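Asks: So that we are looking at the same thing, I have put the structure below in structure tokens.
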Amino acid sequence: NIQYKDRGSYGKVFTATSKDQTIAVKVLKKTFFNEQELTTLSKVSGANSPFIIKFINFKNFGDEVYFFMEYAEKGNLKDYFQSGSTKTEKDAAFMLFQLLHGLKTIQDCQIMHRDLKPENLMLQKVTGTDKLLLKITDFGVSRTIDKSGLAQTFVGTPYFMAPEIIDGQGKTPYTKKVESWSAGIIFFMLMSRWNFPFIGSSIQDLRIKMNQPLKKPLIISDDGFDLMKSMLCLDPHKRLSLQQCLDHKFFTIVHKDVVDDVNSMLSLIGYKIEPNTSLITQSPQKKNNSQSPQPKSPGFQSTKSKSPPNQNPIINPNIFPPPPPKPILQLPF
């Protein structure tokens with residue numbers, strides 16, 4: 001059973017079900033296939049992080065390529081925070097903590113994601129709790145970085161791009177701290193009923209707005225706002241790294257219960273965060289207990305819902321008109 005879910009800047013997304021297992025299938029035209037994406041996936045696969053969508057298989061079919069991935073049935077972060085009851089700072093902290101840990105794992109693999117946004121953060125139910133597991137997806141514009149830790153390409157989704165990427169215009173390098181900025185934008189949105197901290201009529205106007213003082217969301221604590229400002233610092237040298245964000249008292253003191261809640265959830269699927277580190281370990285004896293059947297190999301998943309207007313990655317034109325036909329394929333299970 002194959003069902004069409006959505007289309008994105010690169011391609012189409014389907015779900016495929018066989019017996020009791022449902023997976024996600026991302027379909028790209030070979031013309032727009034980026035070999036770097038497959039290289040990136042192989043690296044993050046080895047990390048086996050619970051906060052990164054699992055990769056199952058990759059196949060060529062005619063003029064298209066297919067990525068088979070774990071399916072996150074609860075949609076994306078934007079859907080979650082725009083529906084249901086009013087979310088609190090603790091709810092935001094719970095999601096942010098998972099996001100930072102997942103990003104830290106990606107950076108430890110010497111990779112920059114470079115297109116962080118709520119639509120690329122999927123959610124999955126874990127059996128035994130009402131908490132949702134956050135999973136980073138869509139590595140289409142990611143890249144492997146060398147020991148210098150620098151990248152240079154002008155790429156990303158405008159409202160989530162760090163100021164140094166806009167300033168450089170692809171001519172000057174930037175560091176991994178661009179991910180701290182993007183995570184800070186998402187943190188602001190979680191705390192402000194999904195408003196952006198900076199809005200512009202063009203990318204140049206957006207960059208000018210970034211120079212204005214950050215407005216404090218109404219429901220955020222002083223410590224939460226301190227973390228937010230430190231993530232959205234214009235100067236990347238003064239901006240917090242991901243590890244510094246995790247070590248901020250917002251998590252270590254104010255919302256230590258959130259850290260405990262994440263660990264309790266992870267224990268249900270056989271993972272735990274080692275004390276005083278960002279290291280996540282997996283117990284070989286514990287069965288993964290998330291609601292969606294777990295594939296055997298790690299990887300990523302594409303987005304389910306559309307970005308805000310003009311919020312697709314800059315380098316990717318919208319090329320696939322709906323509704324697409326169902327793919328003809330052999331499922332990898």
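Asks: Restricting attention to region 230-284, which residues are in contact with a Gly (Cβ under 9 Å, 6 or more places away or on another chain), touching a residue at least 60 places away in the same chain (Cβ under 8 Å), under 20 Å from Ile106 (Cα atoms) and assigned to a helix (DSSP H, G or I)?
Replies: Cys245
Asks: Quick check on my filter: what residues within region 117-145 are among the small types (Gly, Ala, Ser) and either at negative phi or free of Cβ contacts under 8 Å to residues at least 12 places away in the same chain (or both)?
Replies: Result: Gly140, Ser142.
Asks: Another question, if that's okay. Taking region 178-199 as the region of interest, how many residues are more than 13 Å from Met161 (Cα to Cα) and assigned to a helix (DSSP H, G or I)?
Replies: Going through region 178-199 one residue at a time, the tally reaches 5.
Asks: So which of Gln82, Gln110 ends up being within 25 Å of Thr281 (Cβ to Cβ) and not aromatic (Phe, Trp, Tyr)?
Replies: Gln110
Asks: Can you tell me which residues in region 87-105 are touching an Asp or Glu at 6+ places or on another chain (Cβ under 8 Å) and hydrophobic (A, V, I, L, M, F, W, C)?
Replies: Phe94, Leu103
Asks: Could you tell me whether Lys26 is under 23 Å from Gly102 (Cα atoms) and basic (Lys, Arg)?
Replies: yes
Asks: Would you check if there is a residue in region 84-96 being closer than 18 Å to Lys176 by Cα and out of contact with any Cys (no Cβ under 6 Å at 6 or more places or on another chain)?
Replies: yes
Asks: Of the conditions (1) more than 23 Å from Ile145 (Cα to Cα); (2) surrounded by fewer than 20 Cβ atoms within 10 Å (Cβ to Cβ), Phe32 clears all except one; give me its number.
Replies: The one condition Phe32 does not meet is (1).
Asks: Kindly indicate the residue of region 135-174 that is modelled with pLDDT of 95 or more and either of a type in the set (Asp, Glu) or within 19 Å of Val13 (Cα to Cα) (or both) and also surrounded by the most Cβ atoms within 10 Å (Cβ to Cβ) among those meeting that condition.
Replies: Among residues in region 135-174 that are modelled with pLDDT of 95 or more and either of a type in the set (Asp, Glu) or within 19 Å of Val13 (Cα to Cα) (or both), the one surrounded by the most Cβ atoms within 10 Å (Cβ to Cβ) is Lys135.
Asks: Also, I was wondering about something else. Give all pairs with beta carbons closer than 9 Å in which a residue from region 200-212 that is closer than 12 Å to Ala162 by Cα meets a residue that is acidic (Asp, Glu); count only pairs at least 6 apart in sequence or on separate chains.
Replies: Once the first residue is closer than 12 Å to Ala162 by Cα and sits in region 200-212, its partners that are acidic (Asp, Glu) give Arg207/Asp167.
Asks: Name the residue, out of Thr153, Thr144, that is among the β-branched types (Val, Ile, Thr) and out of contact with any Cys (no Cβ under 9 Å at 6 or more places or on another chain).
Replies: Exactly one of Thr153, Thr144 is among the β-branched types (Val, Ile, Thr) and out of contact with any Cys (no Cβ under 9 Å at 6 or more places or on another chain), namely Thr153.
Asks: Condition (residue is at pLDDT below 95, at negative phi and not in a loop (DSSP other than H, G, I, E, B)) applied to region 289-304: is it met by at least one residue?
Replies: Within region 289-304, one or more residues are at pLDDT below 95, at negative phi and not in a loop (DSSP other than H, G, I, E, B).
The values are calculated or read from the model by the stated rules, or taken from the named source; none is laboratory data. These numbers come from a predicted model, not from an experiment. A quick note on method: Cβ atoms are made from the backbone with ideal geometry, for glycine too, and the neighbour counts reach across all protein chains shown.
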